[in-house]
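Asker: Quick one: this structure, given as structure tokens, is what I'll be asking you about.
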């Protein structure tokens, strides 16, 4: 008992993506899938709702109970789905299926064998769909049907005359047309979904269909010269050679005929995995949103920078105002710099030059800043470069020539040619030292 309960709970725990499961009911309303094979349903599911989904078709054996799957499936709902056609045996070997609804969907073609070996099917709803014509053999394969609703769908046409037969009068609802026996005698098959394009993946099995109602005698001509008999082409391994245009020709017993055309478009597995146009547009929208956010951030940052600049300007203006309130400083000239040399600088200058002779205070005050020795200037890194006042190892001059007098005079000239601002900087550094 415990093992059975565990297996049952495990089966119920599997719920397809894009779906919600409650008990044995699977609600996939709005699911964005192309085929049923993209969904993996629980084995004990009793109801599946794929209303408003993007399913493009129900292919053969999409709901196949021959291997025991869908044994408990009772209800399927595809209201307002994008399904265009339902192929042979789309619902096959389903012992419990009772109801199928396609109301307001895009269904245009339903195979006469759509419900194959579904002995309990009772209610089928095609109301307000694009199903203009329905094959008279449909009820042969759904012989236990109690209700078939075609309101707002089926057209008054000789192909649909069978719906007014007394045997089906209580079963079929929504077909309020009169039988015209004259039309019946010359009734021609009807073509639906003209110029349909099938897109098949290379290397996969697929089936192409002639969407014609009202005839069992059909031939399919291929543009490249091939020819098939029957209503469909079943390809067990799609190849690039199947990429072509096809012409279906259907003949009725009264010799009336009609043609229909379809194209098989073969794509590689890489192309099949590429994102769809909807996905691409969604990504573009996301990128646009990100760009908008970046633009907003740039605007915010620019605004913050402007605010900072305004604050800085205010601080500068305040500083200038404060400075204007103070006493104006005296003009600094080269003469002031030369006569107001600090005592510390004089001591350093005397030590470096080796001048042991005493100088009077008047001579110091009268001496010009231009007379500061090259060694003193070199101390502050203003005039000396790679060499020193003693020159290189090859000589006593700056350039190693041994000409010290010429070097000293050159240094004095360079020093005297400095701007007042540079001299002020040298003075400040000297004070700090």
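Asker: In segment 144-185, how many are touching a residue at least 40 places away in the same chain (Cβ under 8 Å) and either in contact with a strand residue (DSSP E or B) (Cβ under 7 Å, 6 or more places away or on another chain) or under 20 Å from residue 106 (Cα atoms) (or both)?
Answerer: 3
Asker: Considering segment 61-75 alone, what residues qualify as being out of contact with any helix residue (DSSP H, G or I) (no Cβ under 8 Å at 6 or more places or on another chain) and crowded, with 22+ Cβ neighbours inside 10 Å?
Answerer: Hits for segment 61-75 are 70, 73.
Asker: What's the total number of residues in segment 255-271 that are under 20 Å from residue 203 (Cβ atoms), modelled with pLDDT under 90 and in a loop (DSSP other than H, G, I, E, B)?
Answerer: Total satisfying the criteria: 0.
Asker: Here's a check for you: in segment 27-47, which residue that is more than 17 Å from residue 92 (Cα to Cα) and outside any loop (DSSP other than H, G, I, E, B) is farthest from the chain's Cα centre (by Cα)?
Answerer: Step by step, filter segment 27-47, then rank; the result is 27.
The values are calculated or read from the model by the stated rules, or taken from the named source; none is laboratory data. Note that the structure is a prediction, hence the values are computed from the model and not measured. Cβ: placed from backbone, ideal geometry, glycine included. Neighbour counts: every protein chain shown.
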